[in-house]
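The values are calculated or read from the model by the stated rules, or taken from the named source; none is laboratory data. Only a predicted model underlies this, so the values are computations on that prediction, with no experimental measurement involved. So basically every Cβ, Gly included, is an ideal-geometry build from the backbone, and we count neighbours across all protein chains shown.
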Amino acid sequence: MPKRIKPLTDTKVRNTKSQEREYKLFDGGGLFLLVTPSGGKLWHFKFRFDGKEKKLALGSYPAISLLDARQRRDEARRQLANGIDPGAVRKAQKQANIQETETFEVIAREWFNKFKHTWKESHSTRVLSRLEQNVFPYIGKRPIIQIKAPELLGVLRRIEARGILHSAHNIRGICGQIFRYAVATGRVERDLSADLRGALSPVKTINRAAITDPIKAGELLRAIDNYRGSFVVQSALKFAPLTFVRPGELRHAEWSEIDFEKAEWNIPAHKMKMKQAHLVPLSQQAIEILTELQKLTGEGRYVFPGRTSSRPMSDNAILAALRYMGFEKSEMSGHGFRAMARTILDEVLQIRPDYIEHQLAHAVRDPNGRAYNRTAHLNERKRMMQTWADYLDGLKVGAKVIPFKKISGQG
């Protein structure tokens, strides 16, 4: 005859003290209180299912009283009577609770807050706005683990139907980053956005207009010299082909970044697209432009200020000047000075491609796959920039277009 277990009382549970080793106080029906050396009092339910002995944690005392523990035990015993494993039910409930809290929107905002400090403010604003307007209303409240590829495609189709294909592709990319973050943090198994490659209508690529023919480049340079608009804008137009930086980097140039003694422009990482500091060697011609401009704007923050010295030149100033000089939208853009330099430096001046790519602030890797630092090949790049400036001077006066000798150090 099995030994009868005397039920516990509230007083006994409350007054129970810890010992050097953990011990158990049984209440009956599989319920017992585990008392730990540290003073913890933990309720457990011991049972057998499919011939195996198992335990189910019911909570800790006093948060879970004796009465509460008995009610949880009785519920578990009812599940057993119906052929249900109480442990499996608990696991499923926990998983359901996790899914309810780990929705797409929750994880998307977690990802956004983690990485937004690495982006420009305009980019982070654009990313969050696209999610809030186009994605969260449809799948934001869905547990991310339950979302399937067709469901995400439906979200993108709504954007596509409005005729903004570029945004649809861009948002697919953003969602892909969120899913990959969820994979990395253990919320989902894979990035399902990868299944949607080719599912959206392709975007027709429109290349930024650029003059890459040396003869036409000479015409552009002469037009810039004859420009009769703002002196600041004209200086920017002259400076752009000599440095071939991105338009935003040009507009936001600050006098504190210019080292006249070393003839260098040091652009900090937060202004660069790749978030890596960039060094631009300045030719004699570039230094001359800055020296003259410093007399006008040197007391302010920006090299090329707008109407007020506290703000940079408008992002439309260069484009407006090009149109004023007669260069159509399909012919030349502010970004086009980069393509002009890249093409002519390679095809005409025969400069080593990695020198050009590094000066364009593109991701250039060494033979071991490591990114070059900002001063890599600096002497060669300085010679390249001076060679380039001298070549542009020749184009302006209509000199015969012939290849220069390769810069020393090239293979």
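Residue by residue through segment 28-50, note down the ones that are more than 26 Å from ASN82 (Cα to Cα) and either in a strand (DSSP E or B) or not assigned by TED's automatic domain parsing to the domain that holds ALA76 (or both).
Scanning segment 28-50 gives LEU34, VAL35, LYS41, LEU42.
Out of all the residues in segment 311-319, is one or more of a type in the set (S, T, N, Q), within 28 Å of HIS166 (Cβ to Cβ) and in a loop (DSSP other than H, G, I, E, B)?
So far as segment 311-319 goes, yes, one or more of its residues are of a type in the set (S, T, N, Q), within 28 Å of HIS166 (Cβ to Cβ) and in a loop (DSSP other than H, G, I, E, B).
Suppose we filter segment 303-328 for residues that are farther than 16 Å from LEU237 by Cα and either touching a helix residue (DSSP H, G or I) at 6+ places or on another chain (Cβ under 8 Å) or of a type in the set (A, V, I, L, M) (or both); how many remain?
The number of residues fulfilling the criteria is 1.
Assigned by TED's automatic domain parsing to the domain that holds GLU357 and either farther than 30 Å from PHE304 by Cα or touching a strand residue (DSSP E or B) at 6+ places or on another chain (Cβ under 7 Å) (or both), is that true of HIS169?
Values: assigned by TED's automatic domain parsing to the domain that holds GLU357: no; either farther than 30 Å from PHE304 by Cα or touching a strand residue (DSSP E or B) at 6+ places or on another chain (Cβ under 7 Å) (or both): yes.
In short, no.
Among the numbered criteria (1) exposed (fewer than 14 other Cβ atoms within 10 Å of the Cβ); (2) modelled with pLDDT of 85 or more, which single criterion is violated by SER18?
In the conditions (1) exposed (fewer than 14 other Cβ atoms within 10 Å of the Cβ); (2) modelled with pLDDT of 85 or more, SER18 misses (1) alone.
Do we have GLY59 as in contact with an Asp or Glu (Cβ under 9 Å, 6 or more places away or on another chain), buried (at least 16 other Cβ atoms within 10 Å of the Cβ) and without any contact (Cβ under 8 Å) to a residue 60 or more places away in the chain here?
In short, no.
If I go through segment 311-345 residue by residue, how many of them are under 29 Å from the mean Cα position of the chain (by Cα) and surrounded by fewer than 18 Cβ atoms within 10 Å (Cβ to Cβ)?
5
Within segment 28-54, can you find the residues that are touching a residue at least 24 places away in the same chain (Cβ under 8 Å) and touching a His at 6+ places or on another chain (Cβ under 9 Å)?
Applying the first criterion (touching a residue at least 24 places away in the same chain (Cβ under 8 Å)) to segment 28-54 yields 29-31, 33, 41, 43, 45, 47, 49-50, 54.
Correct list: GLY30, LEU31, LEU33.
Among the residues of segment 171-178, are any under 22 Å from the mean Cα position of the chain (by Cα), polar (S, T, N, Q) and modelled with pLDDT of 90 or more? Full working, then the answer.
Residues of segment 171-178 under 22 Å from the mean Cα position of the chain (by Cα): 171-178.
Next, only the ones that are polar (S, T, N, Q) stay: 177.
Narrowing the set further to residues that are modelled with pLDDT of 90 or more leaves 177.
The answer is yes, given that some residue of segment 171-178 is under 22 Å from the mean Cα position of the chain (by Cα), polar (S, T, N, Q) and modelled with pLDDT of 90 or more.
Evaluate segment 176-189: report whether one residue or more is among the charged types (D, E, K, R), assigned to a loop (DSSP other than H, G, I, E, B) and buried (at least 17 other Cβ atoms within 10 Å of the Cβ).
Yes.
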